[in-house]
Amino acid sequence: MKYLITGANGMLASALCPILTERGNEVISTDINAPEMNALDVRDSEGVMSFFRKNRPEVVMHLAAATDMDMCQKNPEDTYAINARGVRNVACACKEVSAEMVYVSTGAVFDGKKDGPYIESDRTNPLNIYGETKLAGEHFLQDILKKHYIFRAGWIIGGFEKDIKFVGKTLELLRTRKELNMVSDRFGSPTCVEDFSRNMLKIVEAGLYGLYHLVNKGGCSRYDMAKKIVNFLGRDDIKITPIRNIDYPSVTPRARTEIMTNHKLQEAGMDDMVSWEKALHNYLEKLKSKKLLDRVMLGDGVA
Ligand SMILES: NC(=O)c1ccc[n+]([C@@H]2O[C@H](COP(=O)([O-])OP(=O)(O)OC[C@H]3O[C@@H](n4cnc5c(N)ncnc54)[C@H](OP(=O)(O)O)[C@@H]3O)[C@@H](O)[C@H]2O)c1
């Protein structure tokens with residue numbers, strides 16, 4: 001199959017693209033700021049349309065997005081242009097060339113008021129600009145293109161050198177600090193990029209269009225994740241202190257819980273996602289074997 005990826009220089013694509021290639025697919029990688037890839041800004045509707053007409057992909061994996069939640073909160077117009085109108089531009093171009101479209105959305109579409117994990121049919125009510133614009137993207141896609149897939153991911157784990165999210169940031173902090181405060185009363189579903197990519201492709205290859213939650217099993221707080229990381233590192237000298245969300249300074253309102261379950265996949269007997277603990281452990285093992293944990297395991301650099 002001929003796949004086109006937007007946002008191909010990002011964390012998720014770093015796992016997805018090699019898997020697509022290893023399965024013998026043709027992959028056209030595009031991103032906004034990556035010199036080694038085709039330049040494609042999803043805000044540019046004419047540019048997107050002409051690129052699609054020229055390259056005629058069969059399946060488009062739309063990963064491009066503004067993902068820094070605080071930046072999104074401070075720049076709502078540009079965030080809407082990327083995360084919502086960008087989806088519209090890509091969906092219209094998919095329609096023009098008869099391509100299927102895959103869109104990755106988020107648990108930030110929920111308000112966190114539910115007791116228990118969210119399933120696909122639960123009411124959405126985002127609390128921040130990122131969640132609002134990603135949800136608007138879902139709606140554009142559902143309105144424009146029949147043959148679509150929407151996969152809601154949780155807190156992304158992975159990316160190795162491109163890891164700009166929680167695990168990467170925590171490891172970076174632990175290079176120089178022995179004490180960290182971590183929020184313990186806000187919850188989400190970690191989502192490993194490899195597990196996510198493989199299971200997403202399974203559904204796409206089976207042609208099962210629709211909206212899915214796709215996260216590792218279980219849920220946790222940032223405090224829980226940080227404790228697991230420190231245990232893995234074997235660093236008894238590091239102190240992780242639980243703090244309340246309300247005491248964590250941020251411009252972005254966040255839901256108390258974004259924990260999701262893969263309800264539709266469970267119903268179909270297709271939920272092969274492992275627990276978040278296993279997913280995190282597997283990722284840390286891979287970082288270790290790539291020698292990316294050496295300094296932090298030794299405590300080298302800690303004052
Ligand atoms: N990360 C998470 O925790 C998380 C959770 C749930 C869902 N998701 C969704 O999963 C998808 C992939 O996320 P990710 O974690 O791989 O994020 P990422 O690492 O931030 O990758 C997104 C990529 O999109 C690019 N991009 C930004 N604006 C663009 C534009 N106007 N046109 C084309 N490309 C543009 C970014 O380039 P620059 O870096 O140069 O801006 C980046 O390379 C996104 O749709 C995201 O919303 C992410």
The lone exception for ASP78 - which of (1) near the ligand (Cβ under 9 Å from one of its atoms); (2) crowded, with 24+ Cβ neighbours inside 10 Å; (3) farther than 29 Å from ASN25 by Cα it fails: (2)
So, in the stretch 252-267, exactly how many residues are buried (at least 17 other Cβ atoms within 10 Å of the Cβ) and not β-branched (Val, Ile, Thr)? 8
Of the residues in the stretch 153-173, how many are within 21 Å of HIS62 (Cβ to Cβ) and assigned to a loop (DSSP other than H, G, I, E, B)? 5
Restricting to the stretch 240-293, what's the tally of residues that are touching a strand residue (DSSP E or B) at 6+ places or on another chain (Cβ under 6 Å), at pLDDT below 95 and not in a loop (DSSP other than H, G, I, E, B)? 1
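This table checks each residue for (1) within 27 Å of TYR130 (Cβ to Cβ); (2) touching a His at 6+ places or on another chain (Cβ under 7 Å).
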| site | (1), (2) |
| --- | --- |
| GLY218 | yes, no |
| PHE232 | no, yes |
| ASP237 | no, no |
| ASN245 | yes, no |
| HIS263 | yes, yes |
| ASP271 | yes, no |
| VAL274 | yes, no |
Within the stretch 177-189, can one find any residue that is within 12 Å of the chain's Cα centre (by Cα) and in a loop (DSSP other than H, G, I, E, B)? yes
Only residues that are buried (at least 18 other Cβ atoms within 10 Å of the Cβ), under 19 Å from ILE82 (Cα atoms) and not β-branched (Val, Ile, Thr): list them for the stretch 14-36, please. SER29, ASP31
Condition check for LYS2: away from the ligand (no atom under 13 Å from the Cβ), over 22 Å from GLY159 (Cβ atoms) and out of contact with any Leu (no Cβ under 9 Å at 6 or more places or on another chain): yes
Scan (1) under 30 Å from VAL60 (Cβ atoms); (2) part of a loop (DSSP other than H, G, I, E, B) for the single condition ARG198 breaks and write down its number. (2)
The stretch 13-30, subset under 19 Å from VAL97 (Cα atoms) and under 19 Å from the mean Cα position of the chain (by Cα), residue farthest from the ligand (Cβ to nearest atom): SER29
Let me spell it out: the conditions are (1) part of a helix (DSSP H, G or I); (2) away from the ligand (no atom under 12 Å from the Cβ), and MET101 meets all of them except one. Which number is the exception? (1)
Those residues of the stretch 31-71 which are more than 12 Å from the ligand (Cβ to nearest atom), over 22 Å from SER14 (Cα atoms) and among the charged types (D, E, K, R), in sequence order: GLU46, ARG53, LYS54, ARG56, ASP70
So which pairs qualify, if the first residue must be in the stretch 229-254 and within 20 Å of GLU285 (Cβ to Cβ), the second must be hydroxyl-bearing (Ser, Thr, Tyr), the Cβ gap must be under 8 Å, and the two must be at least 6 apart or on different chains? ILE229/THR170
Within the stretch 47-56, can one find any residue that is at pLDDT below 95 and either among the β-branched types (Val, Ile, Thr) or more than 18 Å from SER105 (Cα to Cα) (or both)? no
When every residue in the stretch 195-207 that is in contact (Cβ under 8 Å) with a residue 12 or more places away in the chain and farther than 21 Å from ASN282 by Cβ is compared, the one surrounded by the fewest Cβ atoms within 10 Å (Cβ to Cβ) is VAL204
I'm trying to understand the selection: among the residues of the stretch 134-168, which are near the ligand (Cβ under 9 Å from one of its atoms) and closer than 16 Å to TYR80 by Cβ? LYS134, GLY137
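The values are calculated or read from the model by the stated rules, or taken from the named source; none is laboratory data. The structure presented is a predicted model; accordingly, all values stated were derived computationally and were not measured. Methodologically, a virtual Cβ is constructed for each residue, glycine included, from the backbone with ideal geometry; neighbour enumeration extends over all protein chains shown.
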